[in-house]
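Colleague: Pasting in a structure now, in structure tokens, and then I'll have a few things to ask.
The values are calculated or read from the model by the stated rules, or taken from the named source; none is laboratory data. What you see is a predicted model; the values in this text were computed from it and never measured. Quick reminder, even Gly has a Cβ in these numbers, built from the backbone with ideal geometry, and neighbours come from all protein chains shown. Surface accessibility is based on the protein's heavy atoms, side chains included, excluding ligands, DNA and RNA. Shrake-Rupley method; radii C 1.70, N 1.55, O 1.52, S 1.80 Å.
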Amino acid sequence: MDINNLSKLKVPELKKELENRGFTKTAGLLKADLIEKLKSLLEDENNSTTTNTTTTPHTTTNNNIQPTQSIINNEQLEQNQQKQINNHDNKDNNKNNNNDIQNIPPPPPSEELPPPPPPSINNINENSIKMDVDIENKIIKEKVKEIFKSKEIEDEEKDKEEKVKNMLTENKNNEQIIIKPKEDIILSSTNNNSKDNNNNNNNKNNNNNNNNDNNNNKNNINEEKKRRIDDDDDDDDFDIATYKLKKKQIKTRKDCPYLDTVNRDVLDFDFEKVCSVSFHNHNVYACLVCGKYFQGKSQDSHANYHCLQMDHHVFINLKTQQIYCLPDDYEVIDSSLDDIKYLLNPTFTNEQIKELDRNTKLSRALDDSKYLPGIVGLNNIKNTAYVNVIIQSLARIPTIRNFLLNVDNIKNNKSPLVQTLSELLRKIWNPKNFKAQVSPHELLQAIQNSSQKRFNIRESSDPLDFLPWFLNTLHKDLGGTKQPNSSIIYKAFSGEIQVSTDKPIPKSLDDDSSDDDDDNKMKEDIENKKSKIKYSNSISKQPFLFLTLDLPPKPVFKDDQDKSIIPQIPLFNLLAKYDGTTETILPNGEIKKYEILSLPKYLILCVKRFSKNNFFVEKEPTIVNFPIKNLDLNDYLPPGSPKSKFNLLATIKHEGDPNSGNYSVYINHKGNDKWFEMHDLSIKETMPQLIAVSECFFLIYEKIN
């Protein structure tokens, strides 16, 4: 076959030619590799044929055809013979120094082994392939033996050190022990009898010189193996323990070369802190380059895989706020990263909390937008506007806000609802936010879990149903009881009313039977019937967190003018329900009277605008006229009660249809005495006159000292 025409052959033809010549490992090879391998085999065949024609059939000195095993055996024999000659020379020198005259016979001459017969030309390729595999296996076995021998040597050295320490404790002759790592232990005596002992030991040492000479070569080989192991620490798999020790020594660094890759624009710590791959919330790290969450930072962790795949190296622990550089796994200490740590977990001192209501300084976000701390929009996550307006209103109440902003007050509380609410309020009042809005995602998750999906993220609900559940759940999670002032919720909102209830007494059976027979009694006047009904009266005192106000019913018939006019009613007409004389008739026939005994520091008034029946939900659009400042409620308190006036802090309104309307909140900032209208992420300043003519749903007042 012509070597120059191999490129014209196809891949299957090349593989067949190689298999015919004993080379079977053709799978996965490219055409160029097959051509080179076939060329080498053809050249070997040509060389073998030329040598066979030039040499006689009896000659066996052809080195090109001899296998590599015979060459290796000859080299090993020559090295062993040289070692024997050196050992005999050393013995002669030792015996001459000791004046021992002995005739040492010379070493026997090295007999050259006859070379093996040359293999046949057809089996040359197969033998060479087998020899290559055998050599590779021997090299692997030698490396494994070196690994185990090095570990055995280390164990022996440790045993020697322990023996020396034991000898130190048991030594009674004040012996000085000199310990050198990886060398022999030399004991030198300081007593007067040391010279005699040394003379007696000389003969023993001379007799043992031969054994020491034989062991020197072994020690030299072991030292060379140790040096190789030390040089290959980073590449070999068997030295993982020393690699981990070296990693532990490097704990912190201040000169991380990857700090310029940190991207603050993508950082958002408002969402649930779970791994984006495993969905676990334990030991989660955030990538400061792309903002994604990953679990762990070990070699087999998701964070480490993300580091190697995406070349992102800087991560922060979402629980401890420690920043690490992977895969080197050292902690980064740099003051330029303090703003990221504060964004993850903002904290406030008592002095900073006191100055919140007085602050008028604007803060600047990363996108160069300005915002006022506390006046921050909340993201609407699929029909959660009813939660956003309640949270924005509670964030204006100093008693609750100041308590939850101080982390020391809740550090031992394990309630997810309390912890997430505290974190959200701290982010709302954070003056170092990267953005001018916050997402309540974690709080919504806690609300959904605590309410057993009564308040779902994807479904809209009535704030009148959500507020009492939310306040009562917070009261219980904060350790509150039925006693007054047992929690911060009761201290802020708890008041007391007196309820007088008149229950109707059912008629006797005789009266019922007579009524069935007489049809004329069915035509009696309704007022006469009421006068004949007997009631049982009961009076009780009850605490309250907010007061509900009932709007008057709509007129049944309207003319054209009435349809175009929106009715209005003063707030004091609705508060007449709590003067102690106005009767409220319930559907079951009970008659109740309410009287306010004490008012809380923060008064919540709820206007019932929605009414449900069997077919649909109806909204009452009546406008309630209420004062913004100096609401006087002394007329609704019993005589002798302290005077109380209230200023408006926040009000919630509803616009649109009952099923598809929008909730928004008006809040007052005490620092500049300005009013802001907040609807999810939208924030705009408004006039106080427009607040009084809105369809208010909740009114939150603060008592004036």
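Colleague: Considering only residues that are part of a helix (DSSP H, G or I) and among the aliphatic types (A, V, I, L, M), look in segment 390-414 and name the one that is farthest from Tyr663 (Cα to Cα).
Modeller: Top of the filtered list is Val407.
Colleague: Might you check whether a residue that is in contact with a Ser or Thr (Cβ under 8 Å, 6 or more places away or on another chain) and either assigned to a strand (DSSP E or B) or open to solvent by less than 20 Å² (accessible area, probe 1.4 Å) (or both) occurs anywhere in segment 633-644?
Modeller: For segment 633-644, residues in contact with a Ser or Thr (Cβ under 8 Å, 6 or more places away or on another chain) and either assigned to a strand (DSSP E or B) or open to solvent by less than 20 Å² (accessible area, probe 1.4 Å) (or both): present.
Colleague: How do the pairs read when you match residues in segment 611-632 that are closer than 25 Å to Phe572 by Cβ with residues anywhere that are assigned to a strand (DSSP E or B) and basic (Lys, Arg), using Cβ under 7 Å and keeping only pairs 6 or more apart or on different chains?
Modeller: Between residues of segment 611-632 that are closer than 25 Å to Phe572 by Cβ and residues that are assigned to a strand (DSSP E or B) and basic (Lys, Arg), the close pairs are Asn630/Lys645; Leu631/Lys645; Asp632/Lys645.
Colleague: Out of all the residues in segment 422-436, is one or more surrounded by fewer than 18 Cβ atoms within 10 Å (Cβ to Cβ) and more than 30 Å from Thr582 (Cα to Cα)?
Modeller: Taking every residue of segment 422-436 in turn, at least one turns out to be surrounded by fewer than 18 Cβ atoms within 10 Å (Cβ to Cβ) and more than 30 Å from Thr582 (Cα to Cα).
Colleague: For segment 632-653, which residues satisfy the criterion of being within 49 Å of the chain's Cα centre (by Cα) and farther than 20 Å from Ile566 by Cβ?
Modeller: The answer is Lys645, Phe646, Asn647, Leu648, Leu649, Ala650.
Colleague: Among the numbered criteria (1) in contact (Cβ under 8 Å) with a residue 12 or more places away in the chain; (2) assigned to a loop (DSSP other than H, G, I, E, B); (3) surrounded by 14 or more Cβ atoms within 10 Å (Cβ to Cβ), which one does Asn281 miss?
Modeller: Among (1) in contact (Cβ under 8 Å) with a residue 12 or more places away in the chain; (2) assigned to a loop (DSSP other than H, G, I, E, B); (3) surrounded by 14 or more Cβ atoms within 10 Å (Cβ to Cβ), Asn281 violates only (1).
Colleague: Would you pick out the residues in segment 606-627 that are open to solvent by 60 Å² or more (accessible area, probe 1.4 Å) and either farther than 19 Å from Lys577 by Cα or acidic (Asp, Glu) (or both)?
Modeller: Within segment 606-627, Lys612, Asn613, Asn614, Phe615, Phe616, Glu618 meet the criteria.
Colleague: Taking the stated definitions as given, is Val665 over 20 Å from Ala576 (Cβ atoms) and either at pLDDT below 90 or among the small types (Gly, Ala, Ser) (or both)?
Modeller: No; evaluated as a whole, the condition is false for this residue.
Colleague: On to the next question. Could you tell me which residue of segment 365-389 is farthest from Asn668 (Cα to Cα), considering only residues that are touching a Leu at 6+ places or on another chain (Cβ under 8 Å) and in a helix (DSSP H, G or I)?
Modeller: Val387
Colleague: Another question, then. Counting just the residues of segment 332-346 that are touching a residue at least 12 places away in the same chain (Cβ under 8 Å) and open to solvent by 40 Å² or more (accessible area, probe 1.4 Å), which one comes out farthest from Arg264 (Cα to Cα)?
Modeller: Among those residues, the one meeting the criterion is Ile333.
Colleague: In segment 671-685, what residues are part of a loop (DSSP other than H, G, I, E, B) and of a type in the set (A, V, I, L, M)?
Modeller: Leu681
Colleague: Going by the conditions given, is Val289 touching a strand residue (DSSP E or B) at 6+ places or on another chain (Cβ under 9 Å) and part of a loop (DSSP other than H, G, I, E, B)?
Modeller: Taking the combined requirement at face value, the residue satisfies it.
Colleague: Moving on. Testing Glu496 on (1) in a helix (DSSP H, G or I); (2) at pLDDT 90 or above; (3) open to solvent by 40 Å² or more (accessible area, probe 1.4 Å), one condition comes back false. Which one is that?
Modeller: The failed condition is (1).
Colleague: Would you confirm whether or not segment 329-341 contains a residue that is more than 29 Å from the chain's Cα centre (by Cα) and on the phi > 0 side of the Ramachandran plot?
Modeller: no
Colleague: Taking the condition part of a helix (DSSP H, G or I), modelled with pLDDT under 95 and open to solvent by 40 Å² or more (accessible area, probe 1.4 Å), does Asn449 pass?
Modeller: For Asn449, the condition - part of a helix (DSSP H, G or I), modelled with pLDDT under 95 and open to solvent by 40 Å² or more (accessible area, probe 1.4 Å) - is met.
Colleague: If Leu356 satisfies all but one of (1) open to solvent by 50 Å² or more (accessible area, probe 1.4 Å); (2) over 27 Å from the mean Cα position of the chain (by Cα), what's the number of the condition it fails?
Modeller: (1)
Colleague: Same structure again: Pairs only if they're at least six apart or on different chains, beta carbon under 7 angstrom, first in segment 395-422 and closer than 18 Å to Val438 by Cβ, second open to solvent by less than 30 Å² (accessible area, probe 1.4 Å) and among the basic types (Lys, Arg); list them, first residue then second.
Modeller: Ala395/Arg401; Leu405/Arg426
Colleague: When you check Asp300 against the structure, is it part of a loop (DSSP other than H, G, I, E, B), under 21 Å from Met678 (Cα atoms) and open to solvent by 20 Å² or more (accessible area, probe 1.4 Å), yes or no?
Modeller: So Asp300 fails the test.
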